[in-house]
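> Before anything else, here's the structure in question.
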Amino acid sequence: ADYPFTTLHPNLGVVSIDLGKSFVIADIPGLIEGAADGIGLGTTFLRHLSRTKVLLHIVDVMPVDGSDPVDAVTTIWRELENYSQELIEKTQWIVLNKVDLLAPEDRESHCASIIERLNWTGPTYQISAISKKGTMELCYALQEYMDSLLVEDF
């Protein structure tokens with residue numbers, strides 16, 4: 001297709017943390033600029049987001065196309081806000097992916113720079129999806145967050 005993301009359907013999965021401890025996660029392909037106005041499949045994907053409890057923005061720290069991760073996140077935030085005030089107000093976490101591509105001595109400063117430039121104060125996680133570095137910590141944190149929502153509902 002003539003837009004960067006050609007996935008037609010979100011992918012659902014169950015993350016099992018422990019016996020009786022699990023949650024459903026939806027992999028929603030990235031949004032492109034103009035998604036809130038119907039470019040690509042943006043409004044279809046945005047509708048799916050309204051059913052979520054938390055939005056994880058999984059951002060490559062070293063995009064292969066040389067783009068700026070900060071620009072990617074701000075584009076997503078702008079599209080969320082343009083589509084629905086409810087979406088932009090949802091709980092959001094930043095997940096910095098592909099940290100294994102950074103030299104160990106540069107990792108913390110590079111990730112800190114992204115977070116600082118975003119002016120982000122919310123939850124942040126560093127992972128490498130391919131090597132699974134940090135993914136279990138993220139899953140445990142998500143389970144804890146989901147459990148806290150159940151307590152609030154009672």
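The values are calculated or read from the model by the stated rules, or taken from the named source; none is laboratory data. Predicted model, so just to flag it, every value in this text is computed and none were measured. Cβ sites come from the backbone with ideal geometry, for glycine too, and all protein chains shown count toward neighbours. We work out accessible area using only protein heavy atoms, side chains counted, and drop any ligands, DNA or RNA first. Shrake-Rupley method; radii C 1.70, N 1.55, O 1.52, S 1.80 Å.
> Restricting to region 22-52, count the residues that are modelled with pLDDT of 65 or more, of a type in the set (D, E, K, R) and either assigned to a loop (DSSP other than H, G, I, E, B) or touching a Gly at 6+ places or on another chain (Cβ under 8 Å) (or both).
Adding up the residues that qualify gives 2.
> Where in region 53-139 are there strands (runs of 3 or more DSSP E), lying fully within it, with 3 or more residues that are open to solvent by less than 20 Å² (accessible area, probe 1.4 Å)?
Qualifying strands (runs of 3 or more DSSP E): 54-60, 91-97.
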